[in-house]
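What follows is one structure encoded as structure tokens, with my remarks underneath.
The values are calculated or read from the model by the stated rules, or taken from the named source; none is laboratory data. This is a predicted model, so every value here is computed, not measured. Virtual Cβ from ideal backbone geometry, glycine too; neighbours counted across all protein chains shown. Accessible surface is based on the protein model in full, side chains and every heavy atom, while ligands, DNA and RNA are left aside. Shrake-Rupley method; radii C 1.70, N 1.55, O 1.52, S 1.80 Å.
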Amino acid sequence: MSAKLLSPHGSVLKRWRTQCSGLWRWWSSGPDSRGSASLKGRSCLSLKDFSSEEIRSLLWVSRDLKHRIKLEKQYLPILQGKSMAMLFEKRSTRTRISTETGFALLGGHPCFLTSQDIHLGVNETCADTARVLSRQCDIILARVHRHSTLEELDKEASVPIINGLSDLYHPIQILADFLTLQEHYGSLQGLTVSWIGDGNNVLHSFMMAAAKLGVHLKIATPKGYEPERSLIQEAQRLSKEHGTQFLLTDDPMEAAQGSNVLVTDTWVSMGQEVEKKKRLKDFQGYQITMKTASVAKADWTFLHCLPRKMEEVDDEVFYSSRSLVFPESENRKWTIMGLIVSLLTDYSPQIPMLKI
């Protein structure tokens, strides 16, 4: 056995433990096991790394926790005695509140840490921070500027890492979006989601998950604001593999045509404020309005991860009965809880899994 495998930290040891644990659960469960897919010990940096079955399992666990805690008023101290480090290089409302309250609701202790609280990458290397936190916490959620920071944390940590947002992906937002659509429509299979806006991290996460859930994806971005080329190629591959449609255009009305779900996000992300004037000019014609919705399907709905600005979607759509933005916001809590529980435990949902 190599010295690296015997190291008290690092992704090699983490993968080895996960694989051994998974093999034991598979052997002991027998051929009739129908529980959720085991993700214990895994990290979640991108939904690109998760299969269709695994994403559906995350949604199932999230629905189950929501049902048992919110509707049945059960107390589930599943994470009692566990602690979580929450590293925030970028401010947040939904990510912080959903994670902090959700982890506490399950009996655990969340530790909120900003760049003023710890030395991440400044007086202490990212690698050393990962090693220290791994010895004191059971899981780490990091909301960072660069995706490479997450990759380094995951490489050096011996506990699961969750991407709370990076410049490349925002997986926990997309889990909330899909849970919201699953609850509203009853099934995700065959839905058409139309993204109208910037080719950003939220869109990248949609691209890495939609086809795996049988969802068609149509994207409209201004020229020069397209998603990452490598991720376009991966989304095209996934679409072909799963038999879904994938469209990339610069025409918002073409993207909205025949859609079930209209989605947008900020046109000016944190760190892009100096580009605001140019971006607002380049995105003219991309505001989602009732005119946009007029070419969508009769059952159309609207999503936005918030915070929202008027130029992205007008009040008529945003505050309409078709808008699911506030249930979507609530589901950030249930899905982050479902993800954490799945990565830390062998939790088995009690409610039936929704049909595909």
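Given R0 = 35 Å, the distance between the Cβ atoms of ARG135 and TYR185 translates into a calculated FRET efficiency of 0.20.
Dipole orientation for the stretch 204-305: of the candidates GLN245, ALA209, GLY285, GLY285 has the Cα lying most toward the positive pole (charges on Cβ; Lys, Arg +1; Asp, Glu -1).
Each other residue within a Cβ distance under 9 Å of LYS223 adds +1 if Lys or Arg and -1 if Asp or Glu, for a net charge of -3. Residue ranges 181-192, 333-344 sort as 333-344, 181-192 when ordered by packing (mean number of other C-beta atoms within 10 Å per residue, highest first). Using only Cα atoms, find the angle between the long axis of helix 171-185 and the longest principal axis of the chain, and express it within 0 to 90 degrees, rounded to the nearest 10. Long axis of 171-185 versus the principal axis of the chain: about 60 degrees.
In the chain, the calculated helix contribution to ellipticity at 222 nm averages -12500 deg cm²/dmol per residue, counting -39,500 (n - 2.57) for every DSSP H run with n ≥ 4. Distance between the modelled labels on PHE112 and SER92, one decimal in nanometres: 1.2 nm (7 Å Cα→Cβ projection). In the stretch 228-356, carbon and sulfur make up what percent of the accessible area (probe 1.4 Å)? C and S atoms contribute 52 percent here. What the stretch 219-356 shows is 50 Å² of accessible area per residue, with the surface traced by a 1.4 Å probe over protein heavy atoms. For GLU53, GLU226, the ranking by accessible surface with the largest value first comes to GLU53, GLU226, using a 1.4 Å probe. When Lys and Arg each count +1 and Asp and Glu each count -1, what net charge do the other residues less than 14 Å away from THR335, Cβ to Cβ, add up to? In short, +1. Computed from Cα positions, the angle between helix 126-136 and the longest principal axis of the chain comes to roughly 60 degrees.
All alpha carbon pair distances within the stretch 155-262 were sorted into 10 Å bins beginning at 0; the resulting P(r) in whole percents reads 15, 46, 31, 7, 1. Axis of helix 147-156 versus longest Cα principal axis of the chain: the two differ by about 10°, to the nearest ten degrees.
So if we plug the beta-carbon distance of GLU275 and THR249 into 1/(1 + (r/R0)^6) with R0 = 25 Å, what FRET efficiency do we get, rounded to 0.05? About 0.65, to the nearest 0.05. From most to least packed by mean Cβ count within 10 Å, the peptides 77-87, 156-166, 228-238 give 156-166, 77-87, 228-238. Give the separation of the Cα centroids, the stretch 197-221 to the stretch 237-254, in Å. Each part reduced to its Cα centre gives a spacing of 9 Å.
Among residues other than GLU275 with Cβ under 12 Å from its Cβ, the summed charge is +2 (Lys and Arg +1, Asp and Glu -1). Counted residue by residue at 0.36 nm each, then reduced by the alpha carbon distance between them, the extension gain from TYR75 to LYS309 reaches 80.5 nm.
When each of the peptides 275-285, 304-314 is scored by the mean number of other C-beta atoms lying within 10 Å of its residues, the order from highest to lowest reads 304-314, 275-285.
Inter-label distance, ALA298 to SER83: 5.7 nm, where each label sits 7 Å from its Cα along the C-beta direction. Fully extending the segment from GLN350 to ARG229 would add 39.5 nm, taking 0.36 nm per residue of separation and subtracting the current Cα-Cα distance. Averaging the sequence gap over all C-alpha pairs within less than 8 Å and six or more residues apart, then dividing by the number of residues, gives the chain a relative contact order of 21 percent. For the residue pairs LYS40/LYS73; LYS223/LYS281; LYS48/LYS281; LYS48/LYS218, the alpha carbons lie more than 22 Å apart in LYS40/LYS73; LYS48/LYS281.
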